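Below: the structure, in structure tokens.
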Protein chains: 2
Amino acid sequence: MRLGLLYSGGKDSTLAALFLSEFYDVTLTTAHFGVTDDWHHARETAEALGFPFERLQLDPGVAEEAVARIREDGFPRNGIQLVHQHALERLAAEEFDAIADGTRRDDRVPTVSRAQAQSLEDRHGVDYIAPLSGFGRQAVDRLVESTLEVTAGPSETITRADYEAELRAIIADEEGTEAIVEYFPDHEQTHVTGVRRALE
Amino acid sequence: MRLGLLYSGGKDSTLAALFLSEFYDVTLTTAHFGVTDDWHHARETAEALGFPFERLQLDPGVAEEAVARIREDGFPRNGIQLVHQHALERLAAEEFDAIADGTRRDDRVPTVSRAQAQSLEDRHGVDYIAPLSGFGRQAVDRLVESTLEVTAGPSETITRADYEAELRAIIADEEGTEAIVEYFPDHEQTHVTGVRRALE
């Protein structure tokens, strides 16, 4: 079964890939607006892990809408949620039997409710899978420690690749980097550089 | 990391075992009240799959409480939920780093809320993991079809082993088998007999 996984190069989506690869033919899919070239980082990690990689072009209008929402709110949650749902809709329209993302049990954003999942599945004829949604933060951290080689740090210093980085780039371009710190406080990102142990 | 998985010999908990075995040292643990010897079936499946197996003794008082609840309600949901929570508490008190069950996204019972999961983890110092909670019914069915050898049928004809079978046995013993059909209508159970393909 062909599965497309929304992939950022971070630890959550990388763990999700390793779990799913036991049962699915996983393609790591990085959704982006074409604002930056950061998707290259995700491709590098995908290649290091030995997974096929694809880019998924998002609608730039949704980036504008998300940035406007983040400015209005003063925090990124709703804007990111908006883009994540758009990315899942785009991914579901591709030629996959199943789609997935790396959302965890304790994530506040993005979240996909049971009703949203069912709606995605019914409208597109795919399975939507959130393989980490039954794992808490500590369980994920322990698995990452035993499995992945990771670089971690504040969002603006990490070379990971996803639509969130592009939203930050748009805001930085229009309002300066100070605005990013204001809207995305204490935001830690991770970038996976390899797999620590051979998986059976 | 040592993980104890609540195991019935059915398709859901077997799939959960296969997923988790990628990252954890999984012990299949069948919780039972000592009412029947049905746990033997789970042990047979565990041996066929090559997993370590343990029995987990539950409190017979909880079985009585659950049966009383099922009689009062006229349906099994709350009684089963009661036993499942008790089984997780017992499992969390064992010597595991993590505990898990086979609950799926679309299950109405048993369910473990995010708050219940966090409480289990905090009180017992373990991770609680529900690896199938991000999988819908169709996704599970497709994985089962491609991965497991399964016998399926009405609850009363399937040789699977879990506390639910014991609750039915108690009710049948006290009220006759007609009572089971009344309380557990259209209940389909599965029993895994093997793995269809070699897992990587």
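The values are calculated or read from the model by the stated rules, or taken from the named source; none is laboratory data. Source: prediction; values computed, not measured. All Cβ positions, even for glycine, are placed from backbone atoms using ideal geometry, and neighbour counts span all protein chains on display.
Some notes on this structure:
- The helices (runs of 4 or more DSSP H) found entirely in region B:1-81 that carry 2 or more residues being over 20 Å from B:L148 (Cβ atoms) and not β-branched (V, I, T) are B:60-73.
- Residue among A:V62, A:V35 that is more than 14 Å from every other protein chain (Cβ to nearest Cβ), within 13 Å of A:A87 (Cβ to Cβ) and either in contact with a helix residue (DSSP H, G or I) (Cβ under 6 Å, 6 or more places away or on another chain) or among the acidic types (D, E) (or both): A:V62
- Selection of first residues in region B:1-19 that are in contact (Cβ under 8 Å) with a residue 12 or more places away in the chain and of second residues that are in a helix (DSSP H, G or I) and among the basic types (K, R), restricted to Cβ pairs under 8 Å at least 6 apart or on distinct chains, gives the following pairs, ordered by first then second residue: B:M1/A:R142.
- Region A:20-32 - residue that is out of contact with any helix residue (DSSP H, G or I) (no Cβ under 6 Å at 6 or more places or on another chain) and within 14 Å of chain B (Cβ to nearest Cβ) and, of those, surrounded by the most Cβ atoms within 10 Å (Cβ to Cβ): A:Y24
- The criterion of at least 2 residues that are modelled with pLDDT of 95 or more and within 14 Å of chain B (Cβ to nearest Cβ) is met by the following strands (runs of 3 or more DSSP E) wholly inside region A:92-191: A:98-100, A:127-129.
- Tallying residues that are surrounded by 23 or more Cβ atoms within 10 Å (Cβ to Cβ) and over 26 Å from B:R142 (Cα atoms) within region A:112-145 yields 2.
- Test: residue in region A:68-78 that is more than 10 Å from every other protein chain (Cβ to nearest Cβ), without any contact (Cβ under 8 Å) to a residue 12 or more places away in the chain, of a type in the set (D, E) and surrounded by fewer than 17 Cβ atoms within 10 Å (Cβ to Cβ): yes
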